[in-house]
Amino acid sequence: MINSIKQLIVEKLDVNVGYDEFDQTTPLFEGGLAMDSIVFTEFIVLLEKTFKIEFDDDALAVENFSNVEKIAETIAQHTR
């Protein structure tokens with residue numbers, strides 16, 4: 001799942017980063033990939049479509065999307 005999430009970031013979002021330039025613990029916001037709110041919103045929609053899930057309001061807390069590892073954990077909770 002981590003590889004799939006990274007691939008979405010590299011191929012579908014406007015973050016100008018290569019697949020090997022970050023890992024699952026790299027921050028997606030400040031000090032990392034510097035995603036802004038527009039890119040983040042696009043990313044949420046992509047994740048929901050790709051993994052066929054819908055995040056509830058509680059799951060959309062920023063700390064659940066701070067890095068790829070946290071995103072994978074959040075998705076796993078929604079696919080059980």
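The values are calculated or read from the model by the stated rules, or taken from the named source; none is laboratory data. These numbers come from a predicted model, not from an experiment. Note: ideal-geometry Cβ built from the backbone for every residue, glycine included; neighbour counts use all protein chains shown. These area figures cover heavy atoms from the full protein model, side chains too; ligands, DNA and RNA do not enter into them. Shrake-Rupley method; radii C 1.70, N 1.55, O 1.52, S 1.80 Å.
Every test in (1) open to solvent by 20 Å² or more (accessible area, probe 1.4 Å); (2) under 10 Å from the mean Cα position of the chain (by Cα) is passed by residue 33 save one, and that test is (2). When the criteria are applied in full, residue 26 meets the requirement of being in contact with a Gly (Cβ under 9 Å, 6 or more places away or on another chain), of a type in the set (Val, Ile, Thr), at negative phi and touching a residue at least 24 places away in the same chain (Cβ under 8 Å).
When the residues of segment 40-52 are filtered to those that are touching a Leu at 6+ places or on another chain (Cβ under 9 Å) and at pLDDT 95 or above, which remaining residue is farthest from residue 2 (Cα to Cα)? Result: 42.
Among the residues of segment 39-57, some residue qualifies, meaning at least one is in contact (Cβ under 8 Å) with a residue 40 or more places away in the chain and open to solvent by less than 20 Å² (accessible area, probe 1.4 Å). Do we find that residue 66 is exposed (fewer than 11 other Cβ atoms within 10 Å of the Cβ) and either closer than 18 Å to residue 6 by Cβ or free of Cβ contacts under 8 Å to residues at least 60 places away in the same chain (or both) in this structure? Here the answer is no, as residue 66 does not meet what is asked.
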